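The values are calculated or read from the model by the stated rules, or taken from the named source; none is laboratory data. Here the structure is a predicted model, which means the values were calculated and not measured. When we count neighbours, we look across all protein chains shown, and the Cβ atoms used for this are built from the backbone with ideal geometry, even at glycine. Calculation scope for accessible area: heavy atoms of the full protein, side chains included, ligands and nucleic acids excluded. Shrake-Rupley method; radii C 1.70, N 1.55, O 1.52, S 1.80 Å.
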Amino acid sequence: MKIFKLALAAVIAISTVYAKEKIFVVEREDSSLATIVNDVKSTRILNMRNMNHGVVKFEGKDGYVISRDGYVIKFDPISEKISNEYKTSKSAIGFVIGKNYVAVANYDDKSVDILDRDLNPIKKIKTGSKNVGIKIYKNYLVFSQMDNDTISVYKDMNEGKGKAKFEVYKEFKDVGQLPFDAMIKDNNYIAGFFTSSHYGVVDLDTMTYKKIKIYLNKDRKMVLKVPHFGFWSIGGDKVFVPAVGDSKVLVYDDNFKFLRNIETQGLPVFTSLSPKKDFLAVTYSGKDFPTIQIIDTKTLEIIKTFTFDGKVLHIRWSNISPKLYVSVNDTNKVVVVDTNKWVLNKEILNIKKPSGIFLYEDGK
């Protein structure tokens, strides 16, 4: 009896840990978010505006959604109640959440909006450009002006205390043609361009800028287009980049020195590293849309291929259990992959046209 009680207690403890991870899935064509708890569809949150390319982010106990039609929506991830919404423009492309503000990069009205955490407007920064690649570093807000070939650095003059007060700190001109995405790596803001054969790096500690060429192979053939950085995977001592228009994943060291190419089944779109950085999942476009492949990041070999009965629009590794979640858009489901055995574990049905998968960990 004592052994049984101990075993039961262990099961309950494990279940409690797993229950802390709540999954939110964008229902792309239905203005809604589906929720999954313990690998069972739980509820749906309605009235999320245009959810084509909808993005969900969490900060503390708050959840935020940015919709395709320029709304920022604040909601409680536990109660699932919407508390506020604010329309910044007709088309917003990205947003970041600071300690005491939300910043939104807009396309159509050529501005960046600064809101407080309850979505009350603080300031609209008019740039005269579509704005992309918005990121946070310390008390700096950094973004790229697509039409002006400029990287802007704004500083919170209140240094995170009280209401955010952003003023222009430095701008870098003629950085490259048509910046369209960016990422932060350590103290570096790295920008990619549509038509320049380099990427740009702003050192945010020294506020200096340099251009770095990126190569496709050891013969120093140039990459002609840098894919969206959201599709890159950086972790450990390697950087994985899906090649544009080629059946390869490019592998660099953490200083962007070319290491090798990994030949893939199709044209890669998205790469995603596992929490321990030991595996990489890759999704594809075109005829291989229903396929994902798993790469061992040590051997750089493909160890498993899965093909589903519909287009794969997104993947997400669990942070607390050995699982990979796959949104299969055409057949309205999320598939759970066991990442210990590399087998399909479960299908979570009746998720309407799923795309983005986002994890909320209660208690963080």
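Structural remarks
- Exclusive hit being surrounded by fewer than 16 Cβ atoms within 10 Å (Cβ to Cβ) and modelled with pLDDT under 95, set Gly128, Gly162: Gly162
- Ile93 vs. criteria touching a strand residue (DSSP E or B) at 6+ places or on another chain (Cβ under 9 Å) and part of a strand (DSSP E or B): yes
- Taken as a whole, the condition of being touching a Gly at 6+ places or on another chain (Cβ under 6 Å) and surrounded by fewer than 21 Cβ atoms within 10 Å (Cβ to Cβ) applies to Leu273.
- For segment 313-354, taking the residues that are farther than 14 Å from Pro290 by Cα, basic (Lys, Arg) and part of a strand (DSSP E or B), the one that is least open to solvent (accessible area, probe 1.4 Å) is identified as Lys323.
- Only listed residue being over 26 Å from Asn100 (Cα atoms), more than 24 Å from the chain's Cα centre (by Cα) and of a type in the set (A, V, I, L, M, F, W, C), chosen from Phe172, Phe193: Phe172
- Subset of segment 30-51 (residues that are surrounded by 14 or more Cβ atoms within 10 Å (Cβ to Cβ), at negative phi and not β-branched (Val, Ile, Thr)): Asp30, Ser32, Leu33, Ala34, Lys41, Arg44, Met48, Asn50, Met51
- Hey, Glu80 over 20 Å from Ala164 (Cβ atoms), part of a loop (DSSP other than H, G, I, E, B), open to solvent by less than 40 Å² (accessible area, probe 1.4 Å) and in contact (Cβ under 8 Å) with a residue 12 or more places away in the chain or not: yes
- Contacts under 9 angstrom Cβ, first residue in segment 86-110 being farther than 15 Å from Val142 by Cβ and β-branched (Val, Ile, Thr), partner open to solvent by 30 Å² or more (accessible area, probe 1.4 Å) and part of a strand (DSSP E or B), 6 or more apart: Thr88/Tyr71; Thr88/Pro121; Thr88/Lys124; Val102/Glu59; Val102/Tyr86
- When residues in segment 165-184 are screened for being open to solvent by 10 Å² or more (accessible area, probe 1.4 Å), among the β-branched types (Val, Ile, Thr) and part of a loop (DSSP other than H, G, I, E, B), 0 of them pass.
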